[in-house]
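Have a look at the structure below before the remarks.
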Amino acid sequence: MAAEPLLDPALLARLERVQLVTGRRLVGRFSGEHRSSRHGSSLDFADYRDYHPGDDFRRIDYSLYARTDQLFIRLFEAEDDLAVRLLVDTSASMGFDGKLRQAARLAAALGFVSLVRRDAVQLYSFPPGRADRFNGRSSLAALMHRLETMEPAGITDIDRAADALLARSGPPGMSIVISDLLTPTWPAAIERLPARGGEVTVVHVLSNAELDPELAGDLDLVDAESGDRLPVSLTHDVVADYRASVQAWLADIEARCAHRGVRYVRVEADDDIEEVLLRSWRRAGVVR
């Protein structure tokens, strides 16, 4: 039996009309694909794509419409492009309760939105620190395969991932970190990423069981990454204290992100992906 695809084809069709929100003064590699107050100076024809309501009707190719009875808009090369860097946490803790699958689906959607607009996409998984580049719609299958085959293992080393990004050359663009942030090094990474990562978005993926556990009694908790065991007695008061600590931790992450100008959104592993992408993230200003 074939594995379920990361994204439903009907959702992909709706994502064709979505674009990442950027505050940079650029039009993207294809004129008009990213709204901006600046216009690219190169107007060489590059490609067509389907017309969608809201597109600039002046870019409709009416001669092509006369031949095919379908509406297409012309895409033009521009001098700037938007480099989109997806940093996906594939550590052992992401294997809990479907978090890595959700992270892969989010990365697939963001990569799809970028590639159909001819933005360059770099996928960086940590650990082990593998980087892959994708360009254009023709590389969509390769991106999806890469995401579908990620396996959870190792330690959440977001600090090293930030170092790798900071060491790379190229335009700042947009960096999107998808992680559960279950590591003490996350504050340093969030502090440093904007220096080289351009616009930064942190997508915090957590399980409902991590936010609101239903465990009780005497248990041994095992760290998925280090293997360390911690004997605990989960009374009502202990669980209540845990929940309060989680809320304080989430508030601290959100405050640190806001202080550094980093966009922060939280997603649960069982959240409906369409609701997240087409409603919640639109309201949060991640996409439009």
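Annotations
- Looking only at segment 257-274, and only at residues there that are part of a helix (DSSP H, G or I) and either modelled with pLDDT under 90 or under 15 Å from the mean Cα position of the chain (by Cα) (or both), the one that is farthest from Asp180 (Cα to Cα): Glu274
- Candidates Arg243, Arg283, Arg279: the one that is at pLDDT 90 or above and of a type outside the set (A, V, I, L, M, F, W, C) is Arg243.
- Identity of the residue in segment 208-222, touching a strand residue (DSSP E or B) at 6+ places or on another chain (Cβ under 7 Å) and not in a strand (DSSP E or B), that ends up modelled with the highest pLDDT: Asn208
- Test: residue in segment 113-132 that is free of Cβ contacts under 8 Å to residues at least 24 places away in the same chain, outside any helix (DSSP H, G or I) and either farther than 30 Å from Asn208 by Cα or open to solvent by 10 Å² or more (accessible area, probe 1.4 Å) (or both): yes
- Those residues of segment 1-32 which are at pLDDT 85 or above, crowded, with 18+ Cβ neighbours inside 10 Å and assigned to a loop (DSSP other than H, G, I, E, B), in sequence order: Leu6, Leu7
- Figure legend. Inter-residue proximity from segment 224-236: first residues closer than 25 Å to Ala153 by Cα and in contact (Cβ under 8 Å) with a residue 60 or more places away in the chain, second residues part of a helix (DSSP H, G or I) and open to solvent by 60 Å² or more (accessible area, probe 1.4 Å), beta-carbon distance below 8 Å, spacing 6+ or different chains. Indicated pairs: Ala224/Phe96.
- Hey, Ala224 among the small types (Gly, Ala, Ser) and loosely packed, with under 11 Cβ neighbours inside 10 Å or not: no
- When Asp212 is tested against (1) open to solvent by 60 Å² or more (accessible area, probe 1.4 Å); (2) within 21 Å of Thr156 (Cα to Cα); (3) touching a helix residue (DSSP H, G or I) at 6+ places or on another chain (Cβ under 8 Å), only condition (2) is not met.
- Scan of segment 67-84 for residues that are part of a loop (DSSP other than H, G, I, E, B), at pLDDT 75 or above and not polar (S, T, N, Q), ordered by number: Asp69, Leu71, Ala83
- Residue, least open to solvent (accessible area, probe 1.4 Å), within segment 166-202, restricted to residues that are in contact with a strand residue (DSSP E or B) (Cβ under 7 Å, 6 or more places away or on another chain), modelled with pLDDT under 85 and part of a loop (DSSP other than H, G, I, E, B): Gly173
- Of Leu87, Leu64, all but one fail to be within 16 Å of the chain's Cα centre (by Cα) and either part of a helix (DSSP H, G or I) or surrounded by 19 or more Cβ atoms within 10 Å (Cβ to Cβ) (or both); the exception is Leu87.
- Glu225 vs. criteria modelled with pLDDT under 80 and touching a helix residue (DSSP H, G or I) at 6+ places or on another chain (Cβ under 6 Å): yes
- Just one of the listed residues (Gly129, Gly136) is modelled with pLDDT under 85, closer than 22 Å to Gln19 by Cα and among the small types (Gly, Ala, Ser), and it is Gly136.
- Among the residues listed as Asp56, Asp44, the single one being exposed (fewer than 11 other Cβ atoms within 10 Å of the Cβ), modelled with pLDDT under 75 and among the acidic types (Asp, Glu): Asp44
- Note on segment 223-251: residues that are in a strand (DSSP E or B) and either under 26 Å from the mean Cα position of the chain (by Cα) or among the basic types (Lys, Arg) (or both) amount to 1.
- Residues satisfying the stated conditions in segment 244-280, i.e. surrounded by 12 or more Cβ atoms within 10 Å (Cβ to Cβ) and hydroxyl-bearing (Ser, Thr, Tyr): Tyr264, Ser280
The values are calculated or read from the model by the stated rules, or taken from the named source; none is laboratory data. From a predicted model like this one, the values you see are computed outputs, not experimental measurements. Please note: Cβ atoms are built from the backbone with ideal geometry, for glycine as well, and neighbour counts cover all protein chains shown. Keep in mind that these areas ignore ligands, DNA and RNA; they rest on the heavy atoms of the full protein, side chains included. Shrake-Rupley method; radii C 1.70, N 1.55, O 1.52, S 1.80 Å.
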